[in-house]
Each structure stands twice: as structure tokens, then as C-alpha cells.
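J.: One structure is given below, represented as C-alpha cells, and several questions about it will come after.
The values are calculated or read from the model by the stated rules, or taken from the named source; none is laboratory data. Computed from a predicted model, the values in this text were never measured in an experiment. Every residue, glycine among them, receives a Cβ derived from its backbone with ideal geometry; neighbour counts consider all protein chains shown. What goes into the accessible areas is simple: the full protein's heavy atoms, side chains included, and nothing from ligands, DNA or RNA. Shrake-Rupley method; radii C 1.70, N 1.55, O 1.52, S 1.80 Å.
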Amino acid sequence: MLEKYSVRTDLALEEKERFESDHVEIQGVILEEDYDKEKEIRITRVKIETEKGAKAMGKPVGTYITLEAPNMAVPDTDYHREVSEKIAGFVQELLKAQNVKTEELSVLIVGLGNRQVTPDALGPYVTDNLCATRHIVKEYGKYAMGMQHVNLVSTLAPGVMGQTGMETVEVVRGVVKETKPDLVIAVDALAARNSRRLNRTIQIADTGIHPGSGVGNHRNGITRESIGVPVIGIGVPTVVDAATIVNDTMENLILALESSEALKSVGEVLRSYNAAEKYELIKELIAPHLNGMFVTPKDVDEMVKQISYTISEGLNLLFSNAEES
């Protein structure tokens, strides 16, 4: 049954949690956690080291760093600055692990998604706030920036296949071939398993990214293998599967039934189902009308703008201030 149990999530952390809740140990997958109590920021590293572990997790071999910050929902400038600094640090950590220098680096930052659909507009919004320097350095030289060491930063918001008629990876591959960056950073909106993580979690991975995977549109991935240069993927969950919300509601219903003398036996029967069986039952009950539905918070407009700025500031800190990095 476990193989059929497919919860819609793009977060490696949630895949690992699913196996832990089912008391299944995965060989070749390492989980490391760190919690900053003062800032209420939880950092989780999921390292998939073997092909067997990758197959079980449904994700490529690599490192996935997840930053969970509940206060990202609060418009606190200082707090968001701290998150930006952590993003810069984690991207640099992944680059060093791949022996990619962060000095005088040519980097292409790609904002994936549809600007016209707010939950999917994270990537394009990030590119709006980036400090592009490639054109200045190419025209006037690095000393025009007033620094000895300058990174060449270029940005791209390629849109989605429904707008352009082209696979996103085709557009990116063409730009990479023409501009020859040392590195691509792809930013995209994701889907989460836990509604509490929406707009409060950032995943940074060294395995690239698959546009549209969050809502089941499986497009060709933007990875080192597909475009020829290292790819760092940065994603924020902005939507949750309708079946997930019903599943969470069912858990609360079971607790309520178990506390009722008259309906306690019903609650005990439902409790006997494992997580996979409960999820499959829910998908059957809500089909076909809600099965393909994804839900996003009502304040998603403001949240996506806020988080996109936080991510772009982190990337600006790392690549636009080369002497400080």
C-alpha cells in the first residue's frame, strides 16, 4: 500500500516525515535538524546519498535544506533580513559543496512560474527585485561597479508553457548556451503536505527544480543534466492539495469521535487505518469534483510579494556584494 501512498508535496522534509510517521526507515537518507529558539527558525537538512534512497523518496540524490520560519508571515523588516542572510549562507554552502566559487561568478537567476497567477508568481517577483550586473560589467568592466571582485548576475522570467508554447527548460537551455553562466539558480512556487508550512517555508536544493510539479504538471526538469551547468533550486510552498486539507480535518474528526461515548467505536475504527489507507479513502470520497483542486491562503498576494523580496535580498547579498561574500 505504501507505494500507492502519494501525498502531493515538493518538500523533501515532508517526504521524510511521511516515512517516519509510518515507522519506515530509509537507507541512504540522512536527516539533520537545528532550531534557533530565539528567532524561531528551524533548519532541516535532508541528504539523499544513494539511488535506493532517492527512489524511496521520489527525489534525486542531493542535499535539501529547509528553512521553517513561522514569523515570515509577519511584515517585520529585521526578521526578514535575518532570513535573507540565512538564504545567502545556505546557497553558498551548497555551492562550496559542489566546488563552485562565489567570487567573479557568472550566475543566471531564473524566476519560474506564471506572473498572472499570484500563487505561481513567486519566481517572476523575485527577478523583479534582483540587481542585474552582467550588462554593466560587459559594457564598462568590473571597476564600473566600484568593487574589485564582481559577479555577473543576469535574470530571466521565461513564463510558462501555456503562454510561450515552449518547455521552460528549452528557453533556459537556449539562454545558457548563449550567455554561458557558471551557475543557474531557479526559483519556483511549490506545494506542501502541511498547510502550516504555506508561505512560511523555504527549500534550497542542489538538485535543480521541476517546473509545475507542485500542481501535477510534470514538465522537464531544470537540472545540471538537462542544461549543462550546476543548478540550485529555491522554492516556497504556496498551495496545498485539497485532499490534504480534508485529511487534516479527518484527523480532528477522529479525535472528536474518540472523545464521544456514543461514537467512540467509529473513531477507533478510523484510527485503525494507517496514514496511507486514510489518504486513499479521502481521495475516493472527494473525487471527482475536488480531486484536482489546490488551495492557497487568502492573503497570498501580500505573502508572495513579501517572501519574493526576502529571497531576492538573500541572492543580492550573496552575488551583488562580492567582496562581502
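J.: Output the number of the condition that residue 55 fails; it satisfies all remaining conditions of (1) under 24 Å from residue 222 (Cβ atoms); (2) free of Cβ contacts under 8 Å to residues at least 12 places away in the same chain; (3) assigned to a loop (DSSP other than H, G, I, E, B).
T.: It is condition (3) that residue 55 fails.
J.: Taking residue 63 and the conditions (1) in contact with a strand residue (DSSP E or B) (Cβ under 6 Å, 6 or more places away or on another chain); (2) closer than 19 Å to residue 310 by Cα; (3) hydroxyl-bearing (Ser, Thr, Tyr), which numbered condition does it fall short on, given that it satisfies the others?
T.: So residue 63 meets the others, but not (2).
J.: Which count do you get for residues in segment 112-128 that are open to solvent by less than 50 Å² (accessible area, probe 1.4 Å) and touching a Ser or Thr at 6+ places or on another chain (Cβ under 9 Å)?
T.: Residues that pass the stated criteria total 11.
J.: Determine, yes or no, whether residue 159 is open to solvent by less than 40 Å² (accessible area, probe 1.4 Å), touching a residue at least 12 places away in the same chain (Cβ under 8 Å), at positive phi and out of contact with any strand residue (DSSP E or B) (no Cβ under 8 Å at 6 or more places or on another chain).
T.: On the way: open to solvent by less than 40 Å² (accessible area, probe 1.4 Å): yes; touching a residue at least 12 places away in the same chain (Cβ under 8 Å): yes; at positive phi: yes; out of contact with any strand residue (DSSP E or B) (no Cβ under 8 Å at 6 or more places or on another chain): yes.
Yes; evaluated as a whole, the condition is true for this residue.
J.: Could you grab me the full set of residues in segment 129-142 that are part of a loop (DSSP other than H, G, I, E, B) and either without any contact (Cβ under 8 Å) to a residue 12 or more places away in the chain or open to solvent by less than 30 Å² (accessible area, probe 1.4 Å) (or both)?
T.: Within segment 129-142, 130, 133, 141 qualify.
J.: Outside any loop (DSSP other than H, G, I, E, B) and either in contact with a helix residue (DSSP H, G or I) (Cβ under 7 Å, 6 or more places away or on another chain) or open to solvent by less than 60 Å² (accessible area, probe 1.4 Å) (or both): which single residue out of 93, 82 fits that description? Don't jump to the end; show me each part of the working.
T.: On the way: 93 fails: either in contact with a helix residue (DSSP H, G or I) (Cβ under 7 Å, 6 or more places away or on another chain) or open to solvent by less than 60 Å² (accessible area, probe 1.4 Å) (or both).
The conditions single out 82.
J.: Let me ask another. Sort out which residues of segment 28-68 are hydroxyl-bearing (Ser, Thr, Tyr) and within 17 Å of residue 93 (Cβ to Cβ), and write them in order of number.
T.: Filtering segment 28-68 for residues hydroxyl-bearing (Ser, Thr, Tyr) gives 35, 44, 50, 63-64, 66.
Residues satisfying the conditions are 44, 63, 64, 66.
J.: Also, I was wondering about something else. For residue 39, only one of the following conditions fails: (1) out of contact with any Ser or Thr (no Cβ under 8 Å at 6 or more places or on another chain); (2) in contact (Cβ under 8 Å) with a residue 12 or more places away in the chain; (3) part of a strand (DSSP E or B). What is its number?
T.: Among (1) out of contact with any Ser or Thr (no Cβ under 8 Å at 6 or more places or on another chain); (2) in contact (Cβ under 8 Å) with a residue 12 or more places away in the chain; (3) part of a strand (DSSP E or B), residue 39 violates only (3).
J.: Suppose we filter 256, 276, 287 for residues that are at pLDDT below 90, under 27 Å from the mean Cα position of the chain (by Cα) and among the aliphatic types (A, V, I, L, M); which single one remains?
T.: Details: 256 fails: under 27 Å from the mean Cα position of the chain (by Cα); 287 fails: under 27 Å from the mean Cα position of the chain (by Cα).
None of the other options fit; the residue is 276.
J.: Among the hydrophobic types (A, V, I, L, M, F, W, C), open to solvent by 20 Å² or more (accessible area, probe 1.4 Å), within 19 Å of the chain's Cα centre (by Cα) and more than 16 Å from residue 306 (Cβ to Cβ) - does that describe any residue in segment 100-111?
T.: No, the conditions are met nowhere in segment 100-111.
J.: While we're here: Please indicate, with yes or no, whether at least one residue in segment 33-43 is out of contact with any Cys (no Cβ under 6 Å at 6 or more places or on another chain), more than 20 Å from residue 199 (Cα to Cα) and open to solvent by less than 60 Å² (accessible area, probe 1.4 Å).
T.: No, segment 33-43 contains no residue that is out of contact with any Cys (no Cβ under 6 Å at 6 or more places or on another chain), more than 20 Å from residue 199 (Cα to Cα) and open to solvent by less than 60 Å² (accessible area, probe 1.4 Å).
J.: Taking residue 64 and the conditions (1) of a type outside the set (A, V, I, L, M); (2) in a strand (DSSP E or B); (3) over 22 Å from residue 221 (Cα atoms), which numbered condition does it fall short on, given that it satisfies the others?
T.: Exception for residue 64: condition (3).
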